[in-house]
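The values are calculated or read from the model by the stated rules, or taken from the named source; none is laboratory data. Only a predicted model underlies this, so the values are computations on that prediction, with no experimental measurement involved. FYI the Cβ positions are ideal-geometry reconstructions off the backbone, even for glycines, and counts take in every protein chain you see. We work out accessible area using only protein heavy atoms, side chains counted, and drop any ligands, DNA or RNA first. Shrake-Rupley method; radii C 1.70, N 1.55, O 1.52, S 1.80 Å.
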Amino acid sequence: MIDVDGFAAGGFLTEAVEPDDLDDADAPMDSSGLFDLDGDGHYETTVRRTDVGMTVATDVDGDGVTDKFTAFGRDGRYRSWEIFREANGIGRGELTESGEL
């Protein structure tokens, strides 16, 4: 189980963050995008790219909280979690799938 508080689709940056110096190979690259995949006018999916890989967080039921979270590493490995809210309100994730692309 993983603690997933803070991964709601609305919790990420909406604009790309540029590093201070593009010539610096060690400079972090970070960008995010919000998507309305079902066309209902609400952004339910966040895609975030960093120097270590990419994450996709999706609010499947429209309650404003991430229900599915997938992380892709630069090595081709991925892991997906289904997110649950416990009675005390804390979000927990259960690993549902993992593998290599």
Residue 87 passes all but one of the listed conditions (1) of a type in the set (A, V, I, L, M); (2) farther than 24 Å from residue 36 by Cβ; (3) assigned to a strand (DSSP E or B); the exception is number (3)
Being loosely packed, with under 15 Cβ neighbours inside 10 Å and more than 15 Å from residue 99 (Cα to Cα) narrows it down to one of 41, 33, so name that one. 41
State which residue is most open to solvent (accessible area, probe 1.4 Å) when the search covers only the stretch 71-99 and only residues that are in contact (Cβ under 8 Å) with a residue 40 or more places away in the chain and β-branched (Val, Ile, Thr). 90
Residue match in the stretch 49-60 (condition: open to solvent by 70 Å² or more (accessible area, probe 1.4 Å) and part of a strand (DSSP E or B)): yes
